[in-house]
Amino acid sequence: MQDSDCVEFLQWALPRLHRRWPGFRKVRAQVCKRIDRHCKALGLAGPRAYRDYLEQHPAEWEALDRLCPITISSFYRDKAVFDFLGTALLPQLARDAHQHAVRDLRALSLGCASGEEPYTLKLAWHFHVAPVHREISLHIIATDVLPEMLERTRQACYSSGSLKRLPEAWRAQAFEPAAGGYCLRTEYRQGIEFVQQDVRTALPDGRFSLILCRNLVFTYFDEGTQRQILARLLARLSPGGALVIGRREILPSGTAELTPWPGAERLGIYRRD
Ligand SMILES: C[S@@+](CC[C@H](N)C(=O)[O-])C[C@H]1O[C@@H](n2cnc3c(N)ncnc32)[C@H](O)[C@@H]1O
């Protein structure tokens with residue numbers, strides 16, 4: 001399949017799925033490859049024939065939607081953000097919890113891919129906060145729409161490239177070498193619950209002190225969908241809690257309930273007032 005054919009197809013199809021072409025522009029190869037395979041399986045010549053097919057078979061849009069998730073992730077993705085989480089934000093949330101005699105802090109990681117983000121959060125808690133606040137535990141719920149991603153979280157084995165930003169001392173302590181990379185030791189997988197969910201239609205129950213919604217909603221979905229999801233996220237975020245979005249992402253305008261977290265104005269970290 002020609003790249004230009006795929007681009008033309010995506011520019012036509014993505015808005016119809018309430019998705020944003022600019023979010024896909026640089027990472028489209030993953031989706032183009034899936035569409036190519038899917039066209040072959042349907043016996044279609046390429047994206048132009050697939051477009052006709054979609055117009056004749058409305059139910060096919062659901063199949064196309066399932067081809068769209070971008071699954072790129074890595075541990076400690078964006079050093080400045082995770083440095084801040086470990087040294088300032090998590091300790092602050094722990095102090096607030098201590099002050100209010102709360103023993104269980106709840107965090108949510110949406111679009112968790114193969115577990116890189118929630119496991120990084122767990123490690124940041126373990127190495128920065130747990131030694132100071134033994135009385136408080138962190139419970140993380142992590143969701144993803146793709147069952148194959150959740151299966152990988154259970155194996156918790158990663159290439160060395162995926163771990164390259166993780167502080168070396170953490171890697172040495174928390175991972176054991178395995179064929180082709182490293183596997184997270186079992187004790188560092190505790191306290192994380194993985195759930196298959198589509199963020200557009202479902203969120204875990206209850207309130208959270210910390211929600212990570214990074215490199216998903218505010219990159220790949222259109223503004224209307226972003227606003228709907230954001231309203232539901234705000235209903236799940238405790239007052240004084242933090243919403244973390246991707247560093248290059250922008251919230252829809254007019255989100256009065258959120259202010260940039262002091263000291264993290266350029267990191268995509270917001271406080272719910
Ligand atoms: C680009 S990755 C980002 C992973 C991680 N949050 C990070 O920043 O490194 C996006 C993840 O969101 C998942 N995803 C895509 N659409 C989703 C949806 N509608 N609901 C939940 N997860 C979704 C993908 O399967 C993928 O694992």
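None of the figures in this text is laboratory data; all of them are computed from the coordinates on show. Just so you know, these numbers come straight off a predicted model, no measurement behind them. Cβ: placed from backbone, ideal geometry, glycine included. Neighbour counts: every protein chain shown.
Where does the charge balance sit around PRO252 when Lys and Arg score +1, Asp and Glu -1, over other residues with C-beta under 14 Å from its C-beta?
-1
Sum -39500 (n - 2.57) across every DSSP H segment of at least 4 residues in the chain, then divide by the residue count to get the 222 nm mean residue ellipticity, nearest 500.
Value at 222 nm, helices only, nearest 500: -11000 deg cm²/dmol.
What full-extension length gain, to one decimal in nm, is calculated for LEU44 and ASP3 as 0.36 nm per residue of separation minus the Cα-Cα distance?
Additional length available on full extension: 13.1 nm.
Lysine pairs, Cα distance under 25 Å, 8 or more residues apart or cross-chain: how many in the chain? Don't skip to the end; give the middle numbers.
Numbers: LYS26/LYS40; LYS26/LYS79; LYS26/LYS164; LYS79/LYS122; LYS79/LYS164; LYS122/LYS164.
Lysine pairs, 8 or more places apart or on different chains, close enough: 6.
Using +1 on the beta carbon of Lys and Arg, -1 on that of Asp and Glu, and nothing else charged, what's the dipole of the chain about the Cα centre, debye to 20? Numbers along the way, then the final one.
Numbers: 38 positive and 31 negative charges, 83 e Å.
Result for the chain is approximately 400 debye, rounded to the nearest 20.
Given region 155-203, report the % of alpha carbon pairs whose separation exceeds 17 Å. Write down the numbers at each step before the final one.
Working: 533 of 1176 pairs.
Above the 17 Å cut-off, region 155-203 has 45 percent of its Cα pairs.
Quick check: residue separation of TRP21 and PHE127 times 0.36 nm, minus the Cα distance between them. What number comes out in nm?
Between TRP21 and PHE127, full extension yields 34.3 nm more.
Return the percentage of antiparallel bridges among DSSP beta bridges fully within the chain, rounded to the nearest 5 %.
40 percent
So what is the relative contact order of the chain, in percent, for Cα pairs below 8 Å that sit 6 or more residues apart?
17 percent
Could you tell me what a quarter of the Cα convex hull surface of region 67-129 works out to, in nm² with one decimal place?
4.8 nm²
Which FRET efficiency value, to the nearest 0.05, do you get for GLN190 and GLU135 by plugging their Cβ-Cβ distance into 1/(1 + (r/R0)^6) with R0 = 22 Å?
It comes to 0.80.
Region 175-236 to region 31-85: how many Å between their Cα centroids?
Rounded to whole Å, the Cα centres lie 19 Å apart.
For region 141-273, what value does the Rg/Rh ratio take when both radii are computed over Cα atoms and Rh is the Kirkwood radius, given to two decimals?
Using Cα coordinates only, the ratio equals 1.00.
Compute from the Cα atoms of the chain the Rg and the Dmax, the latter being the longest Cα-Cα distance, and quote both in angstrom.
Over the chain's Cα set, Rg and Dmax evaluate to 19.8, 64 Å.
Between GLU265 and GLU168, what is the label-to-label distance in nm when each label sits 7 Å out along the Cα-to-Cβ direction?
Each label point lies 7 Å from its Cα, and together they span 3.5 nm.
Between ARG103 and LEU146, what is 0.36 nm times their sequence separation minus the Cα-Cα distance? Round to one decimal in nm.
Numbers: separation 43, 0.36 × 43 = 15.48 nm, distance 3.19 nm.
Answer, rounded to one decimal: 12.3 nm.
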